[in-house]
1. Test residue 54 against the stated conditions and say whether it is in contact with a helix residue (DSSP H, G or I) (Cβ under 9 Å, 6 or more places away or on another chain), closer than 22 Å to residue 106 by Cα and surrounded by 14 or more Cβ atoms within 10 Å (Cβ to Cβ).
2. Could you please let me know if residue 33 is crowded, with 21+ Cβ neighbours inside 10 Å and touching a helix residue (DSSP H, G or I) at 6+ places or on another chain (Cβ under 7 Å)?
3. Which condition breaks for residue 42 when tested against (1) touching a strand residue (DSSP E or B) at 6+ places or on another chain (Cβ under 8 Å); (2) more than 12 Å from residue 68 (Cα to Cα); (3) surrounded by 15 or more Cβ atoms within 10 Å (Cβ to Cβ); (4) at pLDDT 95 or above?
4. With the chain as the region, which strands (runs of 3 or more DSSP E) entirely inside it contain at least 2 residues that are free of Cβ contacts under 8 Å to residues at least 12 places away in the same chain?
5. Taking the range 85-106 on its own, how many of its residues are within 15 Å of residue 23 (Cα to Cα) and at pLDDT below 95?
């Protein structure tokens, strides 16, 4: 598969992100994101993401894309179920940063 800049694939919005669920993504450059702990107490500590890290699009939360990244040293699986089984870190990336800072596998 090939990679495309997110702004060419994702126009923004909940429905557009839902259609991209379980697509692989990677940051274009090093960036900071907040860990995502769930809807009741959503944002946690900052985490650094590197361009070599590949994650899966999970779901939208308000104006954020929730992305799951495997634990260090593990490959990114093809499904969220497999990612959940191996352990992962969820991060919240606002849609503007997602569009400008990520590539999506198409």
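The values are calculated or read from the model by the stated rules, or taken from the named source; none is laboratory data. These figures come from a predicted structure and were not determined experimentally. FYI the Cβ positions are ideal-geometry reconstructions off the backbone, even for glycines, and counts take in every protein chain you see.
1. Values: in contact with a helix residue (DSSP H, G or I) (Cβ under 9 Å, 6 or more places away or on another chain): no; closer than 22 Å to residue 106 by Cα: yes; surrounded by 14 or more Cβ atoms within 10 Å (Cβ to Cβ): yes.
Considered against the rule, which asks whether it is in contact with a helix residue (DSSP H, G or I) (Cβ under 9 Å, 6 or more places away or on another chain), closer than 22 Å to residue 106 by Cα and surrounded by 14 or more Cβ atoms within 10 Å (Cβ to Cβ), residue 54 comes out as no.
2. On the way: crowded, with 21+ Cβ neighbours inside 10 Å: yes; touching a helix residue (DSSP H, G or I) at 6+ places or on another chain (Cβ under 7 Å): no.
Considered against the rule, which asks whether it is crowded, with 21+ Cβ neighbours inside 10 Å and touching a helix residue (DSSP H, G or I) at 6+ places or on another chain (Cβ under 7 Å), residue 33 comes out as no.
3. Status for residue 42: all satisfied but (4).
4. Numbers: elements: 3-5, 24-27, 31-36, 43-49, 55-61, 64-70, 88-94, 102-105.
Result: 43-49.
5. Of the residues in that region, 1 qualify.
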